[in-house]
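Down below is the structure, laid out as structure tokens.
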Amino acid sequence: MGIFLATGTALASGSLPAEPISAGPFANFAACVAYLEATHQQLSAMAMPAPVANPAGGTRQVLVYTKGVLQDEGEQATYEAEVGYEFRHTDPERHSIITNYTWERYSMACHGTAFDGTLDRGYALPGIAPAP
């Protein structure tokens, strides 16, 4: 049974290879951190507080998960965020709600004036829940 669960979990989602994010060069650490802060503002602005009706039926919502820009001792700063795109619709034959979710995960860091960043993209297989 343990093998079945591990296999089921492995098949529950997928992702593409990570892509590098290019930014800079930055004149100083503060400029690099400002880039992280601007990215945080841009991604946070995409968040939708509640699902909205989709013209084709169902609902859609953009979710943003982040702790913001974090600075460590010295000239070290990091920013990580997940932007999730959630689409839901009702399947009347199954009396269920189908949820599709895709995501983008941003991981960025400033080490002094040096910038390092990657973008991962992926998805979860559709989730099914009983309709009310």
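The values are calculated or read from the model by the stated rules, or taken from the named source; none is laboratory data. Since the model is a prediction, treat every value here as computed from it, not as a measurement. Using ideal geometry, Cβ is built from the backbone for each residue, glycine included, and neighbour counts are taken over all protein chains shown. Ligands, DNA and RNA are stripped out before the accessible areas are found, and what is left, the full protein with its side chains, is counted by its heavy atoms. Shrake-Rupley method; radii C 1.70, N 1.55, O 1.52, S 1.80 Å.
Residue check: I128 meets all listed conditions (1) assigned to a strand (DSSP E or B); (2) under 12 Å from the mean Cα position of the chain (by Cα) but one, namely (2). Scanning segment 23-46 for residues that are loosely packed, with under 11 Cβ neighbours inside 10 Å and modelled with pLDDT under 95 gives a single hit, P25. Can you find a residue that is buried (at least 16 other Cβ atoms within 10 Å of the Cβ), within 24 Å of L125 (Cβ to Cβ) and among the small types (G, A, S) anywhere in segment 65-79? Looking through segment 65-79, none of the residues is buried (at least 16 other Cβ atoms within 10 Å of the Cβ), within 24 Å of L125 (Cβ to Cβ) and among the small types (G, A, S).
If I filter segment 48-59 for residues that are assigned to a strand (DSSP E or B), of a type outside the set (A, V, I, L, M) and surrounded by 14 or more Cβ atoms within 10 Å (Cβ to Cβ), do I get at least one hit? Break it down into steps so the answer makes sense when it comes.
Pass one, segment 48-59, residues assigned to a strand (DSSP E or B): 52-53, 59.
Right, trim to of a type outside the set (A, V, I, L, M) and you get 59.
Retained after the next criterion (residues that are surrounded by 14 or more Cβ atoms within 10 Å (Cβ to Cβ)): 59.
Yes, that holds for at least one residue.
Residue count for segment 76-104 under the criterion of being modelled with pLDDT under 95 and closer than 22 Å to C32 by Cα: the result is 0.
I'd like to check something: does segment 82-98 contain any residue that is open to solvent by 40 Å² or more (accessible area, probe 1.4 Å), in contact with a Ser or Thr (Cβ under 6 Å, 6 or more places away or on another chain) and closer than 21 Å to L16 by Cβ? Within segment 82-98, one or more residues are open to solvent by 40 Å² or more (accessible area, probe 1.4 Å), in contact with a Ser or Thr (Cβ under 6 Å, 6 or more places away or on another chain) and closer than 21 Å to L16 by Cβ. For V69, the conditions (1) in a strand (DSSP E or B); (2) out of contact with any helix residue (DSSP H, G or I) (no Cβ under 9 Å at 6 or more places or on another chain) are fulfilled apart from (2).
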